[in-house]
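Any read-out appearing in this document is the output of simple, stated calculations on the displayed coordinates, not a laboratory observation. Please read all numbers here as calculations on a predicted model, not as lab measurements. Backbone-built Cβ (ideal geometry, glycine too); neighbour counts: all protein chains shown.
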Amino acid sequence: MNRKDFLRLAGGAAAASAIPRPMWANPQTPQKNWVWVRGDLHDVEPWKADIARWRASGIHAALFEIEDAEALSRIIPAARAEGIEPHVWIHTMMQRGAIEQNPEWGAVNRSGDSTATDPPYVEYYRFMCPTREPVRRYLVDRVERLAALDGLASVQLDYIRVPDVILPRQLWEQYGLVQDREHPEFDYCYCDVCRARFREQTGDDPLDLPDPPADERWLQFRYDAITAIVNELADVAHGADKQLTAAVFPTPTIAKQLVRQDWLNWNVDAVLPMLYQSFYLEPVDWIEEGAREGVTALAGRIPLYAGLYVPELTPAELAQAVEAARAGGAAGISLFESRTPTDAHWRELAAVLNA
């Protein structure tokens, strides 16, 4: 892929028709607004006022970052008591603890470095290889445990991908990089298992390909590796009468190019694309373009909820972002994250969501 194509993808979503939409998504899909929740969730009492505020502001669902069953047995009924649908979000492929215990699970880049010993970009970027059977069993066990919890609505997969082969444009300066092509040190996974599996399918070793990043078979192999995990976890959740949702990169095009996510082919119940416009050096109205690309590609199969990044939005811009998501056809928004908004943010949000 040439420099021009990569700069276009890193800089923004594919442009779409700017026809305004005055309502949320398909009228057959109920509006739902989400909030991501991080922090100490073991004691539910400090969160009760927050939960009430979310509902008053037009939020319907909360994504709690905790897997402890005892804590969830308290937070789930507390959320439901306020009319908030409780969900759990988990770090999926990025698992530092699991890799420390099983270093062979680490994804390996084209230079031969493993995330177990040499993670890219930041120290915590310890991603697992998606083709290894023990990794699959580990993830299935986690989702099975969570899906068995009474009252939980869904499990959401975050970091369900490989490391960024290209970072969002805003981060290039932060890391002193110019990523106008796929550099070997950021291109995953070339571990022995992935290479052997690809040889079985094609007869070729990916390291022997003339231009691995440009080989469509090798790209598809890696899309399929993540897709296979997602779809198996969806079967697990659905078998327990729970939904499975996913946090994904902002558009189908960007997701495939930057982190090998082919989320149009995932058997999830909803996607929450991270339409964080500032990461791509784009204005707030870019959220409409990104939402429309995803909604159009999904063709009504599942709902799309537009992820908004509050730290980069003023209160007025947050209201503008909600309107942009609506205009793009989203079924609602997801707010990252619960303790970031100021009082002014919550007031603007309540005004636009409850209108």
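Observations, loosely collected:
- Cβ-defined net charge surrounding residue 63, 13 Å radius [Lys, Arg +1; Asp, Glu -1]: -3
- Shown is the FRET efficiency for residue 138 and residue 314, computed with R0 = 51 Å from the Cβ-Cβ distance and rounded to the nearest 0.05: 0.80.
- Ranked by how many other beta carbons lie within 10 Å on average, peptides 256-263, 335-342 from highest: 256-263, 335-342
- Between the helical axis of 216-239 and the longest alpha-carbon principal axis of the chain there is an angle of about 40 degrees.
- Relative to the longest principal axis of the Cα atoms of the chain, helix 133-147 runs at roughly 10 degrees.
- Peptides 239-246, 193-200 ordered by average Cβ neighbours within 10 Å, highest first: 239-246, 193-200
- Taking every DSSP helix (H) stretch of at least 4 residues in the chain, weighting each as -39,500 (n - 2.57) and dividing the sum by the residue count yields a mean residue ellipticity at 222 nm of -11500 deg cm²/dmol.
- Shape of the range 273-355, Cα gyration tensor, a/c cut at 1.5: prolate
- Extension gain, residue 205-residue 123: 0.36 nm per intervening residue step, less the Cα-Cα distance, totals 26.6 nm.
- Exposure proxy for 278, 114: other Cβ atoms within 10 Å of each Cβ, ordered fewest to most, give 278, 114.
- Ranked packing of 150-160, 174-184, most packed first, by mean Cβ within 10 Å: 150-160, 174-184
- Taking 345, 60 and counting other C-beta atoms within 10 Å, the order from fewest to most: 60, 345
- With a Förster radius of 45 Å applied to the beta-carbon distance between residue 52 and residue 180, the computed FRET efficiency rounds to 0.40.
- The angle between the Cα long axis of helix 192-202 and the longest principal axis of the Cα atoms of the chain comes to about 80 degrees, rounded to the nearest 10.
- Rounded to 5, the percent of DSSP beta bridges in the chain classed as antiparallel: 10 percent
- Histogram of C-alpha separations across the chain, 10 Å bin width, %: 5, 24, 34, 26, 9, 1
- Mean separation of Cα pairs under 8 Å and 6 or more residues apart, divided by the residue count, gives the range 3-353 a relative contact order of 23 percent.
- Backbone N under 20 Å from the residue 217 label point (7 Å along Cα→Cβ), restricted to the range 131-147: 131
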